[in-house]
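**Student:** Take this structure, written in structure tokens, and hold onto it; I'll ask about it next.
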Amino acid sequence: MNLTLKVWRQKNASDKGSFATYQVNDISEEMSFLEMFDVLNERLIAKGEEPIAFDHDCREGICGMCSMHINGRAHGPWSGTTTCQLHMRAFKDGDTITVEPWRAKAFPVIKDLVVDRSAFDKIQSAGGFVSVNTGNAQDANCIPIPKDDADASFAAAACIGCGACVAACKNSSAMLFVSAKVSQFALLPQGQVERVDRALNMVKEMDAAGFGNCTNTGSCEAECPKEISLDNIARLNREYLMANLKK
Amino acid sequence: MSKLDSKIPEGPLETKWSSYKSSVPLVNPANKRSLEIIVVGSGLAGSSAAASLAEMGYKVKVFCFQDSARRAHSIAAQGGINAAKNYQNDGDSTYRLFYDTIKGGDYRAREGNVYRLAEVSAAIIDQCVAQGVPFAREYGGLLSNRSFGGTQVQRTFYAAGQTGQQLLLGAYSALQRQVGLGNVQMYARHEMLDVVVVDGKAKGIIARDLVTGKLERHSGHAVLLCTGGYGNVFFLSTNAMGSNVTAAWKAHKKGAFFGNPCFTQIHPTCIPVSGDHQSKLTLMSESLRNDGRIWVPKKKDDNRKPNEIPEDERDYYLERRYPAFGNLVPRDVASRAAKERCDAGYGVGASKMAVYLDYASAIERYGKQQANKLGETGASKERITQLGKDVVKEKYGNLFDMYAKITGENPYETPMRIYPAVHYTMGGLWVDYNLMTTVPGLYALGEANFSDHGANRLGASALMQGLADGYFVIPYTIGAYLSGQIRDKALPTDHEAFVEAEKNVQDTIDRLMNIKGSKSVDHFHKRLGKIMWDKCGMARNEKGLKEAISEIRALREEFWKDVRVLGGKNELNPELEKACRVADFLELGELMCIDALNRNESCGGHFREEFQTEEGEAQRDDANYMYAACWEFKPGVQFELHKEDLKYERIKVSARSYK
Ligand SMILES: Cc1cc2nc3c(=O)[nH]c(=O)nc-3n(C[C@H](O)[C@H](O)[C@H](O)COP(=O)(O)OP(=O)(O)OC[C@H]3O[C@@H](n4cnc5c(N)ncnc54)[C@H](O)[C@@H]3O)c2cc1C
Ligand code: SF4
Ligand code: FES
């Protein structure tokens, strides 16, 4: 198929940036979206033009590195799918596809489609852990956990930290991401001891990093490639309220 | 030979590690605070090591090339992690895990290291659960297990098909906690490009800030390379796009021996190549062989749809050839068997380079079980199928989804097409019992070292090894070296060794940028990959390897004359990053072929066509090759062989049989 691509090009953090248009012909349906970008980049190199920088690594939908805003949707048209798992079957001959980086104050653009998501690491450092030094653990089966709790915890822990929830939100809120981590631990006995501090500290760090407030639009859940549920946000709100009462 | 002292402690196998631990020199808390450790890599090995060392009081710096420690390639591991817990009461033990690993590795790994690995495996599960890793559980609330290839017990712990993700996020949470406490300094989007060695000891690294392009000097009392495997030398592999050999290769060029470079694992169950545009291959976890059955049509060039081929016209070739282990034979055996069928003309799919992995009978079996459980006697066939699909979805849902997205086919309805692909490298930097390379102060952990898997790794054992190295081994063994360094100040970064190392890195970058040739980096990488796959892949022979060596030399020369790297050096430049990595792959590839040519036997993943039994099984030559091949780098890309003889005191070495 033949496509027209409008891609955000920005030299570096201080450059203003703009869209560039590329005609991309002979793309097969079987390619992944990023393989289509590989092809485009190879052609640019052949012409002596600088290839487009974009983040990616695993190309299996699990590392959370890929991050393209495609035709106005974080990770593109397929729901529950990362950019790297999106395949060209999703498009048809003659389509125009617009590709931008994540847009959020807390995720400044580094170059082209690459943004800085280190704010997520800081939030994690603020409380996304159980304080257990290596060597301090008891036998694993001394902590029986009801299967449903373990499954719910796992579903929250499946978050890949990609930031699509932030990119999809008109307020650039990171609530879905933070709530997923808080929920993972809140649902497990191991997480109880630090439950209060965790909710308070992670929310505090989230606010400090410049993410916006949550107004329950639900666009994060709709765009999340791992289908992290809004229930987690409700849980975080309860955790946060309870934590404030206890402190 | 003094350089290859494996430092295995004296005494009986069962007590080596415990007596080592009680006699290894310690570093007191005050001294720990003034000792700096550089950890390159934030995968399971790197994150677990960095967090544990920081908890102990060392000052730690961690480097990774991704934008966050959490994105290291370990995140992609699917199926599970082994541990000798014997929770299933099916006869597992430390000894059995040790034995399975040595046998699975075709008797090419060190007894002492492997026994220690099996010994610490149980504590890994305890540690991860304490961190809040949500492993799969049974209804009673206890941990669930599955089986993996090459074993007859259920010792694999898992979290759906995302075990690596959950384990890495556990280690990452421990790491980020130490970052928050100020004990670890994290350098994401940084790539190590050289080791700094003074008086024969590792004293620091040169790293490139990938965002600004600036070269930085970092000094430390020890350097830990936890930089993963080098499967991407084949271009197409199941590894993440960025996985590379650069850190290990630079260390190799600074004196660290490279062990068994040709030992590559080709994984039997991956989604087949679909065209020239292919950028990577996707694994379908080995756990799928628990329930899936592998087959090809009995008739050559059978073009019927799989569901139209009746049961008695299917060849379940693994079950036929290996009745004792069936679909759960080790990876090397399963891969070769698939290649054998396809080469003989029985392959399926458009390319005929694929076999079926079929879930129909598992769906039926689970459906019936579930109907019984729910008391639905006389459930219809449709109902049973639906119930069965639900069970399969819970166990393997994310893998089935992934398959559907990539191929556009529904694996619940039609068998998956699979073919072997490069997956893991057993070879790596040679290390002793302390995980130290031949350069004092320089360590290698996780997939980056050569230590525990011999010529073939068993499924679910890489995660185990990475975390064993990081959580439970290095925190002890590093004391043996650092206790002797407490009087040494960190090397000042204006030391001439730093200046020189930085200049060398800068020169290489300038050279690459100034070639201004006509072909992209990927162009060369793909050509290298093709040579490697055709001549140093699943089957190798003397003629092919000799050709490969001269082809790679020629390709390397061409690369340095004609590669085109656009963009600037003082900015984010993914092309330049790739160019630096491919330059190293072009040297490594040659060494892999040299090593494969040297090893005149077949063992594990290394299959030399000249050395096979009448039935087509690998034929080892224990009399002449029971050694780890350790290569020393010599100027001008020359390599000198050193041998570490392997002695089996406990295990009786025999032909590996899974029949
Ligand atoms: C698809 C897939 C599925 C798998 N499934 C399983 C499984 O189910 N069970 C199992 O046991 N094993 C599995 N494996 C194997 C296992 O995942 C790996 O062997 C293991 O995770 C490697 O961990 P590591 O810590 O050694 O390295 P990695 O996780 O690869 O980490 C390497 C780190 O080094 C950094 N790095 C590398 N070079 C540099 C440099 N020059 N400068 C700075 N940083 C650098 C990277 O940024 C990264 O942080 C699987 C592998 C693949 C590919
Ligand atoms: S919650 Fe979803 S969208 Fe947000 S970071 Fe996690 S996986 Fe990405
Ligand atoms: S590249 Fe890893 S999730 Fe897309």
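The values are calculated or read from the model by the stated rules, or taken from the named source; none is laboratory data. Computed from a prediction, not measured in an experiment: that's the story for all the values here. Ideal geometry is used to build each Cβ from the backbone, glycine not excepted, and the neighbour counts take in all protein chains shown. Quick note on the areas: whole protein, heavy atoms, side chains included, nothing else; ligands and nucleic acids left out. Shrake-Rupley method; radii C 1.70, N 1.55, O 1.52, S 1.80 Å.
**Student:** How many angstrom lie between the C-alpha centres of segment A:228-247 and segment B:1-40?
**Tutor:** One Cα centre to the other: 46 Å.
**Student:** Can you give the accessible area of residue A:162 in Å² (nearest 10), computed on protein heavy atoms with a 1.4 Å probe?
**Tutor:** 10 Å²
**Student:** Place a +1 charge on the Cβ of each Lys and Arg in chain B and a -1 charge on the Cβ of each Asp and Glu, then give the dipole magnitude about the Cα centre in debye, rounded to the nearest 20. Could you put the intermediate results ahead of the total?
**Tutor:** Values: 86 positive and 81 negative charges, 133 e Å.
Dipole magnitude for chain B comes out near 640 debye.
**Student:** Another question, if that's okay. Using θ = phi - 60° and the Karplus form 6.51 cos²θ - 1.76 cosθ + 1.60, what ³J(HN,Hα) does each residue of segment B:644-655 get, whole Hz, x for Gly and Pro?
**Tutor:** Using θ = phi - 60°, the values come out as 9, 5, 9, 10, 9, 8, 9, 8, 7, 6, 8, 5 Hz.
**Student:** How big, in percent, is the set of alpha carbon pairs in segment B:611-659 lying more than 18 Å apart?
**Tutor:** On the way: 610 of 1176 pairs.
So the portion of pairs separated by more than 18 Å is 52 percent.
**Student:** What are the radius of gyration and Dmax of segment B:349-493, computed over its Cα atoms and given in Å?
**Tutor:** 24.6, 79
**Student:** Taking each residue in B:160-172, count the Cβ atoms of any other chain within 10 Å of its Cβ, then average. What number comes out?
**Tutor:** Across the residues of B:160-172, the mean count of other-chain Cβ atoms within 10 Å is 4.
**Student:** Using packing as a proxy for protection, rank B:192-201, B:364-373, B:298-307 so that the peptide with the highest average count of other Cβ atoms within 10 Å comes first.
**Tutor:** B:192-201, B:364-373, B:298-307
**Student:** Using a 1.4 angstrom probe with every protein chain in place, what is the largest-first accessible-area order of B:580, A:214?
**Tutor:** A:214, B:580
**Student:** Does segment B:106-180 classify as rounded, prolate or oblate by the C-alpha gyration tensor (a ≥ b ≥ c root eigenvalues; a/c under 1.5 gives rounded; else a/b over b/c gives prolate, otherwise oblate)?
**Tutor:** oblate
**Student:** Take the Cα radius of gyration of segment B:513-635 and divide it by 2.2 N^0.38 Å, with N its residue count; two decimals is plenty.
**Tutor:** On the way: Rg = 17.5 Å, N = 123, 2.2 N^0.38 = 13.7 Å.
Dividing the Cα radius of gyration by 2.2 N^0.38 Å gives 1.28.
**Student:** Multiply the residue gap between residue B:486 and residue B:560 by 0.36 nm, knock off their C-alpha separation, and tell me the result in nm, one decimal place.
**Tutor:** Gain on stretching residue B:486 to residue B:560: 22.3 nm.
**Student:** Please list, by residue number, every one of the chymotrypsin sites (Phe, Trp or Tyr not before Pro) in segment B:111-188 that is coil in DSSP and has at most 13 other beta-carbon atoms within 10 Å.
**Tutor:** B:139
**Student:** What do the square roots of 5 times the Cα gyration tensor eigenvalues come to for the protein assembly as shown, in whole Å, largest first, as semi-axes of the equivalent ellipsoid?
**Tutor:** Semi-axes (√(5λ), whole Å): 35, 35, 32.
**Student:** How shielded is A:60-70 by partner chains, expressed as the average number of their Cβ atoms within 10 Å of its Cβ atoms? Can you show the working numbers first?
**Tutor:** Details: counts 11, 6, 14, 15, 7, 9, 0, 1, 0, 0, 0.
Counting other chains' Cβ atoms within 10 Å and averaging over A:60-70 gives 6.
**Student:** Rounding to the nearest 10 and keeping the result within 0 to 90°, find how far the Cα-based axis of helix B:542-562 lies from the longest principal axis of chain B.
**Tutor:** That works out to roughly 50 degrees.
**Student:** Follow-up. Above 44 Å lies some portion of the pair distances; for chain B, what is it as a whole percent of all C-alpha pairs?
**Tutor:** Taking all Cα-Cα pairs of chain B, the fraction more than 44 Å apart is 18 percent.
**Student:** A further question follows. What shape does segment A:88-154 take by its C-alpha gyration tensor, where a ≥ b ≥ c are the square roots of the eigenvalues and a/c under 1.5 counts as rounded, a/b above b/c as prolate, and the rest as oblate?
**Tutor:** Verdict is oblate for segment A:88-154.
**Student:** Pairing the Cα long axis of helix B:111-131 with the longest principal axis of chain B, what angle in degrees results, from 0 to 90 and rounded to the nearest 10?
**Tutor:** 80 degrees
**Student:** Average partner chain C-beta neighbours within 10 Å, per residue of B:71-77?
**Tutor:** Working: counts 11, 3, 4, 1, 9, 7, 1.
Across the residues of B:71-77, the mean count of other-chain Cβ atoms within 10 Å is 5.
**Student:** Are there chymotrypsin sites (Phe, Trp or Tyr not before Pro) in segment B:192-240 that DSSP marks as loop and that have at most 14 other Cβ atoms within 10 Å, and which are they?
**Tutor:** Qualifying residues, ordered by number: none.
**Student:** I've got another one for you. Counting only helical runs of four or more DSSP H residues, what would the 222 nm mean residue ellipticity of the protein assembly as shown come to if each run contributes -39,500 (n - 2.57) and the total is spread over all its residues?
**Tutor:** Counting only the DSSP helices, I get -11500 deg cm²/dmol.
**Student:** Distance between the C-alpha centers of segment B:630-659 and segment B:526-605? Whole Å please.
**Tutor:** After rounding, the separation between the Cα centres reads 22 Å.
**Student:** Under 15 Å from the Cβ of residue B:156, count the other residues' Cβ atoms, weight Lys and Arg +1, Asp and Glu -1, and hand me the total.
**Tutor:** Value of the local net charge: +3.
**Student:** Still on this structure, please answer the following. Note the per residue figure in Å³ for the convex hull of the C-alpha positions in segment B:267-420.
**Tutor:** 119 Å³
**Student:** What is the sum of charges, Lys and Arg at +1 and Asp and Glu at -1, for the other residues whose Cβ falls under 12 Å from the Cβ of residue B:81?
**Tutor:** For residues surrounding residue B:81, the net value is +3.
**Student:** 5 Å is the cut-off here: which amide hydrogens, built 1.01 Å from N in the peptide plane, fall below it relative to residue A:98, excluding neighbours closer than 5 in sequence?
**Tutor:** Amide H to amide H, under 5 Å and 5 or more residues apart or across chains, residue A:98 pairs with A:6, A:71.
**Student:** Cα axis of helix B:381-407 to longest principal axis of chain B: angle in degrees, 0 to 90, nearest 10?
**Tutor:** Computed tilt is about 30 degrees.
**Student:** For segment B:492-536, run through the trypsin sites (Lys or Arg not before Pro) and keep only the ones in DSSP coil with at most 14 other Cβ atoms within 10 Å of their Cβ.
**Tutor:** When the trypsin sites (Lys or Arg not before Pro) of segment B:492-536 are filtered for loop state and at most 14 Cβ neighbours within 10 Å, B:516 remain.
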